[in-house]
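These notes are about the structure you will find just below.
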Amino acid sequence: MEFKKLAEERYSCRKFLSQEVEADKIEKLLDVIHTAPSAENHQPIRVWVIKSEEKRQAMKKITTYHYNAPLTIAIGFVPGEAWVRSCDQKDMGIVDASIAATSVWFEATDLGLGCVWVSAFDVDKQKEYFPEMAECEMVAFMQIGYPDPTGQAAKWHYDKKNRSEMFFEM
């Protein structure tokens with residue numbers, strides 16, 4: 001799909017069918033993470049594919065923003081592994097993980113899947129229910145699945161600021 005069309009059609013899907021995501025589509029989602037750029041190619045990203053019912057129920061314990069998606073791809077980074085900006089010591093791992101998550105979002109849309117980025121979660125509970133992720137700063141729990149045809153984009157999704165409020169020429 002043409003990128004601009006893909007960007008325009010993507011929305012935060014909050015209603016999924018129970019149909020599982022096929023293994024080949026999961027591999028394609030992981031491929032875009034693997035090829036996503038990271039600052040100075042440090043590759044601090046860590047990724048977990050969450051499919052089991054047990055871990056899907058654990059998601060409901062760490063966030064109120066769960067949508068019963070059959071698949072969650074959790075994306076985080078290991079602090080200290082990413083490139084650090086020298087002037088202010090800013091760890092760019094969060095940027096690298098965000099690039100990976102955005103790549104997943106667009107790929108999911110291109111594959112006919114719905115996706116929503118969940119970053120509102122209880123970090124202490126996340127570490128309790130997902131101890132495998134404890135060394136990472138988690139950035140996104142990408143909930144993915146086939147969109148329920150009765151679902152729709154949130155009413156504010158298409159509201160955009162005027163370009164004059166966002167773009168400036170120098």
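Rundown of residues vs (1) over 19 Å from K51 (Cα atoms); (2) touching a His at 6+ places or on another chain (Cβ under 7 Å); (3) among the hydrophobic types (A, V, I, L, M, F, W, C), yes/no style:
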position	(1), (2), (3)
M92	yes, no, yes
V95	yes, no, yes
S98	yes, no, no
W105	no, no, yes
L113	no, no, yes
E132	no, no, no
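Inside the stretch 40-68, can you point out the residues that are acidic (D, E) and at negative phi? Result: E53, E54. On the stretch given as the stretch 4-42, residues that are touching a Phe, Trp or Tyr at 6+ places or on another chain (Cβ under 8 Å), surrounded by 13 or more Cβ atoms within 10 Å (Cβ to Cβ) and not in a helix (DSSP H, G or I) total 10.
The residues of the stretch 57-68 that are surrounded by 16 or more Cβ atoms within 10 Å (Cβ to Cβ) and at pLDDT 95 or above, listed by number, are A58, M59, I62, T63. Just one of (1) more than 28 Å from K5 (Cβ to Cβ); (2) within 16 Å of the chain's Cα centre (by Cα); (3) modelled with pLDDT of 95 or more fails for S103. It is (1). The lone criterion from (1) in contact with a Ser or Thr (Cβ under 8 Å, 6 or more places away or on another chain); (2) closer than 21 Å to Y129 by Cβ left unmet by P79 is number (1). Being small (G, A, S) and surrounded by fewer than 21 Cβ atoms within 10 Å (Cβ to Cβ) holds for only one residue in G114, G151, G145, and it is G151. I'd like to check something: does the stretch 127-145 contain any residue that is under 19 Å from I33 (Cβ atoms), of a type in the set (D, E) and over 17 Å from the mean Cα position of the chain (by Cα)? Taking every residue of the stretch 127-145 in turn, at least one turns out to be under 19 Å from I33 (Cβ atoms), of a type in the set (D, E) and over 17 Å from the mean Cα position of the chain (by Cα).
The values are calculated or read from the model by the stated rules, or taken from the named source; none is laboratory data. None of these values were measured; they are calculated from a predicted model. Because the Cβ atoms are built from the backbone with ideal geometry, glycine has one as well, and the counts that use them run over all protein chains shown.
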